[in-house]
Amino acid sequence: MAERARAVQESFEERQTTTAEALAELLREVAGNEARKKVQAEKSFDGLTYFVYRTLLDAKIANAEAVSRKIRDAFTHFPNWRQSENAMRELRKKVTFAIFAETDDLVQVSTIVDELFSLLEKANRL
């Protein structure tokens, strides 16, 4: 959300959008964020689980909610995945198998797993 808000701000500051357009865009972002929070609360997902869930939905993975819960459990089982190469390897394996149980497209599964961990790494650096 903060990243999207900064993009709107930069666009406004560079005079690419008017005040009204920038305000409308920010209001759309706030409304989208509120909708996300509502769904996240309804499903009792933490931020990570909801992120995984949305990624799986976007990739059209069947049973995205159940798979997201399995992946959440894997992250819980390997809490030091950022500090340990072995834990990271085992976690990636669990995440891969959780998604692979719903689709036999190995290329798609590998792409999703790579995307998830790449975005998590990026978020960790911020």
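The values are calculated or read from the model by the stated rules, or taken from the named source; none is laboratory data. None of the values given here were measured: they were computed from a predicted structure. Virtual Cβ from ideal backbone geometry, glycine too; neighbours counted across all protein chains shown.
From the list Lys43, Lys93, Lys70, pick out the single residue that is out of contact with any Leu (no Cβ under 9 Å at 6 or more places or on another chain), modelled with pLDDT under 95 and farther than 18 Å from Ala123 by Cα.
Checking each option against the conditions leaves just Lys43.
Name the single residue that is farthest from Ala98 (Cα to Cα) among those in the stretch 43-82 being touching a residue at least 40 places away in the same chain (Cβ under 8 Å) and exposed (fewer than 13 other Cβ atoms within 10 Å of the Cβ).
Within the stretch 43-82, the match that is farthest from Ala98 (Cα to Cα) is Arg82.
May I ask you to verify whether Glu21 is modelled with pLDDT of 90 or more, touching a helix residue (DSSP H, G or I) at 6+ places or on another chain (Cβ under 9 Å) and surrounded by 12 or more Cβ atoms within 10 Å (Cβ to Cβ)?
no
Can you say whether Ile112 is outside any helix (DSSP H, G or I), surrounded by 13 or more Cβ atoms within 10 Å (Cβ to Cβ) and in contact with a Ser or Thr (Cβ under 7 Å, 6 or more places away or on another chain), as far as the supplied structure shows?
no
Could you list all residues from the stretch 89-102 that are in contact (Cβ under 8 Å) with a residue 12 or more places away in the chain and either touching a Pro at 6+ places or on another chain (Cβ under 9 Å) or among the hydrophobic types (A, V, I, L, M, F, W, C) (or both)?
The answer is Leu91, Val95, Ala98, Ile99, Ala101.
Quickly run through the stretch 29-88 and pick out the residues that are of a type in the set (Lys, Arg) and either in contact with a Lys or Arg (Cβ under 7 Å, 6 or more places away or on another chain) or in a helix (DSSP H, G or I) (or both).
Listed by number, the residues that qualify are Arg36, Lys37, Lys38, Arg54, Arg69, Lys70, Arg72.
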